[in-house]
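These notes are about the structure you will find just below.
The values are calculated or read from the model by the stated rules, or taken from the named source; none is laboratory data. These figures come from a predicted structure and were not determined experimentally. FYI the Cβ positions are ideal-geometry reconstructions off the backbone, even for glycines, and counts take in every protein chain you see. Accessible surface areas use protein heavy atoms only, side chains included; no ligands, DNA or RNA. Shrake-Rupley method; radii C 1.70, N 1.55, O 1.52, S 1.80 Å.
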Amino acid sequence: MTAKQKNLMDVISALAKRRGFVRPTSEIYGGIGSSYDYGPLGIEMKRKLADLWWKQMVRKHENIVGIDSAIIYNPRTWVASGHVEGFVDPLVDCRQCKARFKADDLVEHAKRAKGVDDPPLTPDGSTLDPDHPSYGQLSCPTCGTRGSLTKPRSFNLMFKTHVGPVAEDAAAVYLRPETAQGIYQDYPQVVNTSRLKLPFGIAQIGKAFRNEITPGNFIFRTREFEQMEMQYFIRPGEDEKWLEFWKEERMAFWRDVVSIREENLRFHKHGSDELAHYAKEAWDIEYNFPFGWAEFEGIHNRTNYDLTRHIEYSGKEKDLQYFDDQTRERFIPYIVETSAGLNRGLLAILLDAYAEDDLGGETRVVLRLDPKIAPITAAVFPLTKKDGLPEIAREITEDLKRNFNVFYDEAGNIGRRYRRQDEAGTPFCFTVDYQTKEDGTVTIRDRDTLEQPDRPKIEELPRILFDRLSL
Ligand code: ATP
């Protein structure tokens, strides 16, 4: 990571903290690693991203509906889903300095290890082989001590807790590590109540929890995060077609709806060593983060894996099969999932929007956010605090507030007020001046071009905003 790149992450997290987007949680007690709170601007933006996703995925499709399921499910869910067994990361500890590594992160280290001709890897080179004769010769990447690394130990990423008042007697349960399983379990009821026919989708936005070993990079990887997931139920054999369809749809969302720059987006196809236990084929949508390209949404062909397992573990074969009333057949549908991280998506959008403009010697910090996602849609300023201008500006604000998040500001000179909105990513500023009193028009200043085109009439302002905000 170059200094400049590293710097952008620091710059964004400092701006986020300063302006009330995102800040570390529980700061009065020194925080708790990688947990964050969303402030007034952050929550507006997060809700907007979630709403845009919901509009695009649920409202625009007649055959996609939403649910909101519980976070704690019957723990059998996670045995059936394979997460109790398969959702593990092998970890390696250094006995000397106590540093902890994901075994997978040590593969490259092992390949380059000095004095080790035959690296201690499995024959396909994808993971560490602790039984290999040269394993004991590896040194710790942190403190350099040779032979100090433990063998990889499995560590389940699910948070375990107990229901009931006494921990020992109570049943162990897990906080869900993905929202998908809630959808799979509810799908027969949703089909009945909404009279869905294949292909159809069920969507959900909600919290998921993973006891990540290496959280970090600000809100990129946290232990508590939100997912926006849609499970698309299809006929067996149609999975490749729909995987392709949803890949393109989802990429279009990030590119065209929230306007992340195309050059910073790409697909990555999972190799066989990267595939999750449930997936037949998986594609990531990656963003060019300051620390490198990394996933923020996955599109997965989960086949009939999950439903088959739930049938096996619940015994509810008939319920979990789909009945086609035309062909009179019963079968287990296939599923293509789109699984996006709300927080990671937000981070990508913030990074992508950040700019520093040189305005003839003065640097202007601006977030070039798409108006659909900007926390504040418009700011309204009276040019001065007297002569009735604040009253008019307040009236405009009140009217616009019925549909938009609008901010009224009369403090400081107009240039300062503009800068404050630039940093928050506010796309439009309306200023009430003396001409307003004469002809009922205001100035409209464009955040990106800094231009003030024609003066619109006050009555036109809602329409101007609606036009820029609709999908
Ligand atoms: P990674 O490889 O980065 O751990 P993953 O492949 O395990 O991610 P998925 O299980 O496909 O991720 O989850 C779908 C999406 O959920 C990810 O693309 C990401 O946006 C989000 N996500 C997953 N884990 C986290 C996390 N710890 N913090 C924030 N977002 C996450």
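Points to keep in mind about this one:
- The set of residues in region 133-163 being more than 16 Å from the ligand (Cβ to nearest atom), within 30 Å of R302 (Cα to Cα) and not polar (S, T, N, Q) consists of P152, R153, K160, H162.
- Any hit, region 252-261, residues being within 27 Å of D37 (Cβ to Cβ), surrounded by fewer than 18 Cβ atoms within 10 Å (Cβ to Cβ) and more than 13 Å from the ligand (Cβ to nearest atom): yes
- Qualifying residue in region 163-172 (condition: open to solvent by less than 10 Å² (accessible area, probe 1.4 Å), over 16 Å from L307 (Cβ atoms) and touching a Lys or Arg at 6+ places or on another chain (Cβ under 7 Å)): no
- Selection of region 418-444 for residues being open to solvent by less than 60 Å² (accessible area, probe 1.4 Å) and either modelled with pLDDT under 95 or assigned to a helix (DSSP H, G or I) (or both) yields Y418, Q421, D422, E423, A424, T436, D439.
- Scanning region 298-335 for residues that are in a strand (DSSP E or B), of a type in the set (D, E, K, R) and open to solvent by 20 Å² or more (accessible area, probe 1.4 Å) gives E329, R330.
- Only one of the listed residues (S26, S13, S34) is small (G, A, S), open to solvent by 50 Å² or more (accessible area, probe 1.4 Å) and outside the structural domain of Y278 (by TED's automatic domain parsing). That residue is S26.
Each row is one residue, and each column tells you yes or no for (1) of a type in the set (F, W, Y); (2) surrounded by fewer than 18 Cβ atoms within 10 Å (Cβ to Cβ); (3) over 30 Å from G42 (Cβ atoms); (4) under 28 Å from the mean Cα position of the chain (by Cα).
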{"site": "S134", "(1), (2), (3), (4)": "no, yes, yes, no"}
{"site": "R146", "(1), (2), (3), (4)": "no, yes, yes, no"}
{"site": "P152", "(1), (2), (3), (4)": "no, no, yes, no"}
{"site": "F155", "(1), (2), (3), (4)": "yes, yes, yes, yes"}
{"site": "F159", "(1), (2), (3), (4)": "yes, yes, no, yes"}
{"site": "F218", "(1), (2), (3), (4)": "yes, no, no, yes"}
{"site": "T222", "(1), (2), (3), (4)": "no, no, no, yes"}
{"site": "E226", "(1), (2), (3), (4)": "no, no, no, yes"}
{"site": "F233", "(1), (2), (3), (4)": "yes, no, yes, yes"}
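- Checking V166 against (1) more than 12 Å from the ligand (Cβ to nearest atom); (2) touching a residue at least 60 places away in the same chain (Cβ under 8 Å), the condition it does not meet: (2)
- Of all residues in region 185-205 being touching a residue at least 24 places away in the same chain (Cβ under 8 Å) and surrounded by fewer than 19 Cβ atoms within 10 Å (Cβ to Cβ), the one that is nearest to V88 (Cα to Cα): D186
- Meets criteria (surrounded by 14 or more Cβ atoms within 10 Å (Cβ to Cβ) and among the aliphatic types (A, V, I, L, M)) for A70: no
- Which listed residue is of a type outside the set (S, T, N, Q), closer than 16 Å to K372 by Cα and in contact (Cβ under 8 Å) with a residue 12 or more places away in the chain, from D467, D409, D446, D433: D446
- Taken over region 243-266, the criterion of being under 30 Å from V190 (Cβ atoms) and either outside the structural domain of G298 (by TED's automatic domain parsing) or in contact with a Phe, Trp or Tyr (Cβ under 6 Å, 6 or more places away or on another chain) (or both) is satisfied by K247 alone.
- Inside region 304-331, residues that are within 16 Å of the ligand (Cβ to nearest atom) and of a type in the set (V, I, T) make up a count of 0.
- Selection status of A348, in contact (Cβ under 8 Å) with a residue 24 or more places away in the chain and within 14 Å of the ligand (Cβ to nearest atom): yes
- Criterion: over 11 Å from A379 (Cα atoms), part of a helix (DSSP H, G or I) and open to solvent by 40 Å² or more (accessible area, probe 1.4 Å) - qualifying residue of E395, E451: E395
- The set of residues from region 205-214 being near the ligand (Cβ under 7 Å from one of its atoms) and closer than 22 Å to P290 by Cβ comprises just one member, E212.
- Counting the residues of region 336-370 that are in contact with a helix residue (DSSP H, G or I) (Cβ under 9 Å, 6 or more places away or on another chain) and surrounded by 19 or more Cβ atoms within 10 Å (Cβ to Cβ) gives 20.
- Pick from region 215-247, criterion assigned to a loop (DSSP other than H, G, I, E, B) and near the ligand (Cβ under 10 Å from one of its atoms), ranking: farthest from R302 (Cα to Cα): N217
- Listed by position, the helices (runs of 4 or more DSSP H) contained in region 27-141 that have at least 1 residues being at pLDDT 90 or above and in contact with a Phe, Trp or Tyr (Cβ under 6 Å, 6 or more places away or on another chain) are 40-54, 76-80.
- Residue within region 377-388 that is of a type in the set (K, R), outside the structural domain of A208 (by TED's automatic domain parsing) and more than 16 Å from the ligand (Cβ to nearest atom) present: yes
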